[in-house]
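Undergrad: Here's a structure for you.
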Amino acid sequence: MTTDGALLSFARGRCLSCREQLQTSWTYNNLFTWKKSLLCDNCTEQLPAITGAACPECWAPGHPEVCPDCLRWRRQNSAGRWVKNVSLFHYDSWMQAWTTRWKFRGDAVMAAAFYHDLRHAYRKHFHGFVPVPIPLTPERTLERRFNQAEVLAAGLNIPYVSALERATEAAGKQSKQTKRERLQSVRGFTVSLPEIVSGRNVLIIDDIYTTGATVREAAGVLEAAGAASAASLTLIRA
Amino acid sequence: MNKLSSLFTGSKRPASPFHSLSSVSEFPDIPLPDYEQMQAHCSGRALLAQELPYEQKIIDTYVRAGMLQKVPAITQQDSFWRCQRCSNQDPGLFGAHTCACGSERCFYCRECLEMGRGSACTPLYYWTGPEAFRAAAEPLAWAGRLSPGQARASSAAAEAGRQKREIYIWAVCGAGKTEMMFQAVAEAIARGERVLWATPRTDVVRELYPRLAGVFPGVPAAAWYAGSPEALPGASLVLATAHQARRFKSAFDVAVIDEVDAFPYVFDPGLQQAVREACRPEAAVVYLSATPGQDEQRRMKSGALAYVRVPRRFHGHPLPVPKCRWAGNWSLQLSRRRLPNALLHWCRSRNAVHPLFVFIPSVAVIQPAVEALRSEGFRCEGVHAGDEEREEKITAFRNGSLDILVTTTILERGVTIPKADVAVLGADDAVFTESALVQIAGRAGRNPERPEGDVIFFHYGRTKAMQQTIRHIETMNREEAPYDH
């Protein structure tokens, strides 16, 4: 188990997204909550937060009922103890540029801007769940130097468990695959710490929920290892 | 105010950590594969392993041979971190995370992230082997003739290049600053030296590169700007924006720094440091500007900074003097998606054959201005710094398929449209400082066939900057140019 609150000890005084010098406007909200601002007003304005109706199972925006994709998942795996997915943001062009810089260029601290919202979502939807970040393959870890899901999990400020492991994958980056390829490919997760997850509710942490194939596969593996139920918290719902 | 030149001058110039690296005397005898490509690729640069198109094994061989030096990309001095590539020392521009190297807090630089991430656990490689000698016999292929003022500046710059001194060339907009540099650049290349031509803006690099490549046909040249394709690494003549100059370390013997007073140099000391580190410590530096800052002017007058002043344009005609026209409350009009009548009347009455720049104070008012002009029947587009189609629009404007280009101050310098007129809408806005307005007025009358050109400031009350601009231009026009006749 690891906690990592150290991510934010640097990168102060500038917008975590556009690196402009921060000049926060004094609104009543800022004044009374005394919440440290990490993004500039301009970037805050452009955040594509998910508001309004969303699918209760996968948080797809614009679906007040369970969406067709989730119904298909139900049919495929009727015995699953899937709770739901919760995401913070849409995937629009701003978020895409953000992700490129954060994940592919490797600006890990940018995620810290959303720690507050992630903690809020965790307390609201998943209180008491054990966070389990989605792992990277060993090669990708060496190339990228950090696991983006772990960076997000570290922000929850409760100990997370790296209970999953992932073998080398043959198919290449998921972000370069089609929906069909993603749904059919097998990521090959294994549970390395079954004694910690057995009997517990686990919360899978990942950066983006696109087709749901990754988190559903991880959920299946964790449930097979004895987890009571599985849910997921992702930053982005594409 | 510009501090770049003061960083370069004086005996207290802080020693660059890199220049001592090139003085290695002996190299052990190890077989080195692809020696010449490696030398061309690496010399004068600081590179991450991923920027070297060779296997780690080959890189290690070179390190053992003493040809490449390996240093951590981020180092710690006291409690401060420092990026060895971009000299960033701002704690707000470092990040840390749990790293695959095993460290709980591995630091990386956020400033130069776009060039590939440098972190405390990744090495940077410097070339410490012998430099390639790349002299070209007759590099300059240019048949043009210099005006007397240009010739004077040209020979002064060439002399500074030979003596490895610094010189400031204060020449009005449209004096032909680029041509003044040809002799100095050609001589440097003939001596086998490397030349850096640093400009503040991507547009200027894009415009200048084909011109210089045409004038120096046999010389390996490279253009570096944000989003540029991977340029020739071992080029003798390098055009780069100040940000991209960070790719080079102790590489250049002659630096031409265009538009020293312009935006990035003035506000960002990190960029000044970057340009300084890209040059050798003894490099000759030629500054070019039409509008030196107060500080430079003082140092020139006191004799601390050698300079040449060229008050005439290359065609010998005076600069167009701006005229002021009352436009009323232009910001209110624009918020109602209308243009001030004064501007509309003038647009209708002028000879529409000539292209027209309309400068506006902020990005937000581009759209209403463009729409209002289009409804008048003009072919019109707007450009700003974040515009992805900027290049295409400028090309269209240059070709004459646009009548009017509405722009922010992004095009105030470096862009030449031959017979253009200029209007500044909202010239009383604070973004239009004296130097900005002098540069903007310098967009007009650049062609000898139409040296007059109109420059009109549409305003809602004259500002000091507007008056100083007019005085500045009138002074330049009045100035005796003793060498010119």
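Undergrad: Where does helix A:115-125 land angle-wise versus the long Cα axis of chain A, in degrees 0 to 90, nearest 10?
TA: That works out to roughly 50 degrees.
Undergrad: Another question, if that's okay. How many Cβ atoms of partner chains, on average, are near each residue of B:102-108 if near means within 10 Å of its Cβ?
TA: Partner-chain Cβ atoms within 10 Å, mean over residues of B:102-108: 3.
Undergrad: Another question, then. Going by amide H atoms built from the backbone, whose H comes under 5 Å of the H on A:Arg14, apart from near neighbours?
TA: So A:Arg14 has HN proximity to A:Leu22.
Undergrad: How much of the pair distance distribution for the protein assembly as shown lies past 52 Å, counting alpha-carbon pairs only, in percent?
TA: Tail of P(r) above 52 Å: 23 percent of Cα pairs.
Undergrad: Jot down the radius of gyration and Dmax of chain A, Cα atoms only, both in angstrom.
TA: 17.8, 53
Undergrad: Per Stokes-Einstein, at 4 °C and 1.567 mPa s, what whole-number D in µm² s⁻¹ belongs to the stretch B:189-232, with the Kirkwood radius over Cα pairs as the hydrodynamic radius?
TA: Approximately 114 µm²/s, per Stokes-Einstein.
Undergrad: I'd like to compare A:194-202, B:284-292: which one has the highest average count of other Cβ atoms within 10 Å, and what's the full order after that?
TA: Going from most to least packed, we get B:284-292, A:194-202.
Undergrad: What does the stretch B:148-310 give for Rg and for Dmax, in Å, if only its C-alpha atoms count?
TA: 14.5, 44
Undergrad: Quick check: convex hull over the Cα atoms of chain B, volume per residue in Å³, rounded to an integer?
TA: Considering the Cα atoms of chain B, their hull volume per residue is 169 Å³.
Undergrad: Binning every alpha carbon pair distance of the stretch B:15-127 at 10 Å from zero, what are the percents per bin?
TA: 13, 42, 31, 13, 1
Undergrad: Turning to a different aspect of this structure: Report the accessible surface area buried between chains A and B, summing both sides, using a 1.4 Å probe on protein heavy atoms only, in Å² rounded to the nearest 100.
TA: 2000
Undergrad: Once phi is turned into θ = phi - 60°, what whole-Hz ³J(HN,Hα) does the Karplus curve with 6.51, -1.76 and 1.60 give for every residue of the stretch B:164-173, x standing for Gly and Pro?
TA: 6, 10, 10, 8, 10, 10, 9, 10, 4, 4
Undergrad: Any chance you could give the angle, 0 to 90 degrees and rounded to 10, that helix B:464-478 forms with the longest Cα principal axis of chain B?
TA: Orientation of helix B:464-478: about 90 degrees from the principal axis.
Undergrad: Here is a further query. In debye, nearest 20, what is the charge dipole magnitude of the stretch B:15-127 about its Cα centre with +1 on Lys and Arg Cβ and -1 on Asp and Glu Cβ, if you could check?
TA: About 260 debye.
Undergrad: Here is a further query. Step through the residues of the stretch B:393-399 one at a time and calculate ³J(HN,Hα) from phi using the Karplus curve (6.51 cos²θ - 1.76 cosθ + 1.60, θ = phi - 60°), rounding each to whole Hz and writing x for Gly and Pro.
TA: 5, 5, 4, 4, 5, 5, 6
Undergrad: So if I restrict to the alpha-carbon atoms in the stretch B:323-484, what is the Rg, and what is Dmax, the biggest pairwise distance, in Å?
TA: Cα-based Rg and Dmax for the stretch B:323-484 come out at 15.3, 53 Å.
Undergrad: Show me B:350-363, B:119-132, B:294-307 ranked by packing, highest mean number of other Cβ atoms within 10 Å first.
TA: B:119-132, B:350-363, B:294-307
Undergrad: Hey, another quick one. Quick one: work out the % antiparallel among DSSP beta bridges in the protein assembly as shown, nearest 5.
TA: Of the beta bridges lying entirely in the protein assembly as shown, close to 30 percent run antiparallel.
Undergrad: Hey, got the average number of other protein chain Cβ atoms within 10 angstrom for residues in A:143-150?
TA: 4
Undergrad: If you roll a 1.4 angstrom probe over the protein chains with everything in place, what fraction of the accessible area of the stretch B:218-354 belongs to carbon and sulfur, to the nearest %?
TA: Solvent-exposed carbon and sulfur of the stretch B:218-354 make up 54 percent of the total.
Undergrad: For a Förster distance of 41 Å, can you work out the FRET efficiency between the beta-carbons of B:Lys419 and B:Ser155, rounded to the nearest 0.05?
TA: The pair B:Lys419/B:Ser155 has a calculated efficiency of 0.85.
Undergrad: At 1.4 Å probe radius, can you tell me the per residue accessible area of the protein assembly as shown in Å²?
TA: About 43 Å² of surface per residue is accessible.
Undergrad: Now a separate question. So how far apart, in nm, are the two label points at B:Gln294 and B:Leu232 if each is 7 Å from Cα heading toward Cβ?
TA: 4.5
Undergrad: Show that you can apply the helix-only estimate: for chain B, add -39,500 (n - 2.57) for every DSSP H stretch of four or more residues, divide by all residues, and state [θ] at 222 nm to the nearest 500.
TA: Calculated from helices alone, the mean residue ellipticity at 222 nm is -9000 deg cm²/dmol.
Undergrad: Which FRET efficiency value, to the nearest 0.05, do you get for A:Ala53 and B:Val321 by plugging their Cβ-Cβ distance into 1/(1 + (r/R0)^6) with R0 = 56 Å?
TA: 0.35
Undergrad: Modelled label-to-label distance, A:Trp94 and B:Arg211, 7 Å Cα→beta-carbon offset: nm?
TA: Going by the 7 Å Cα→Cβ label model, 3.9 nm.
Undergrad: Please list, ordered by chain and number, the residues whose modelled amide H lies under 5 Å from the amide H of B:Asp428; skip anything fewer than 5 residues away on the same chain.
TA: Here the answer is B:Tyr460, since their amide H atoms fall under 5 Å of that of B:Asp428.
Undergrad: Between the stretch B:136-213 and the stretch B:409-485, what is the separation of their alpha carbon centroids in Å?
TA: Going from one Cα centre to the other spans 24 Å.
Undergrad: Next up: For A:Leu164, which sequence-distant residues (separation of 5 or more, or a different chain) have an amide H within less than 5 Å of its own amide H, given hydrogens modelled in the peptide plane?
TA: Long-range HN contacts for A:Leu164: A:Ser192.
Undergrad: If the viscosity is 1.567 mPa s and the temperature 4 °C, what translational diffusion coefficient in µm²/s does Stokes-Einstein give for the stretch B:78-149 when Rh comes from Kirkwood over Cα pairs?
TA: Translational D for this selection: 80 µm²/s.
Undergrad: Ordering A:Asp107, A:Asp69 from largest to smallest accessible area (1.4 angstrom probe), what's the sequence?
TA: Accessible-area ranking of A:Asp107, A:Asp69, largest first: A:Asp69, A:Asp107.
Undergrad: Shifting gears a bit: What cysteines in chain B have no other cysteine with a beta carbon less than 4.7 Å from their beta carbon?
TA: Here B:Cys42, B:Cys173, B:Cys279, B:Cys324, B:Cys347, B:Cys380 come out as lacking a disulfide-compatible partner, given the Cβ-Cβ threshold of under 4.7 Å.
Undergrad: Per residue of the stretch B:203-219, what does 6.51 cos²θ - 1.76 cosθ + 1.60 with θ = phi - 60° give for ³J(HN,Hα)? Whole Hz please, x for Gly and Pro, Karplus curve as stated.
TA: 4, 5, 4, 5, 6, 6, 4, x, 5, 5, 4, x, 7, 10, x, x, 8
Undergrad: At what distance in nm do the modelled label points of B:Ala396 and B:Gln77 sit from each other, each positioned 7 Å from its Cα along Cα→Cβ?
TA: With each label placed 7 Å out from Cα toward Cβ, I get 4.9 nm.
Undergrad: Ignoring ligands and nucleic acids, what accessible area does A:Leu156 show with a 1.4 Å probe (Å², nearest 10)?
TA: Here the accessible area works out near 10 Å².
The values are calculated or read from the model by the stated rules, or taken from the named source; none is laboratory data. These numbers come from a predicted model, not from an experiment. Positions of Cβ are generated from backbone atoms using ideal geometry, with glycine treated the same way; all protein chains shown enter the neighbour counts. The protein model used for the area step is the full one, side chains on, heavy atoms only, and it has no ligands, DNA or RNA in it. Shrake-Rupley method; radii C 1.70, N 1.55, O 1.52, S 1.80 Å.
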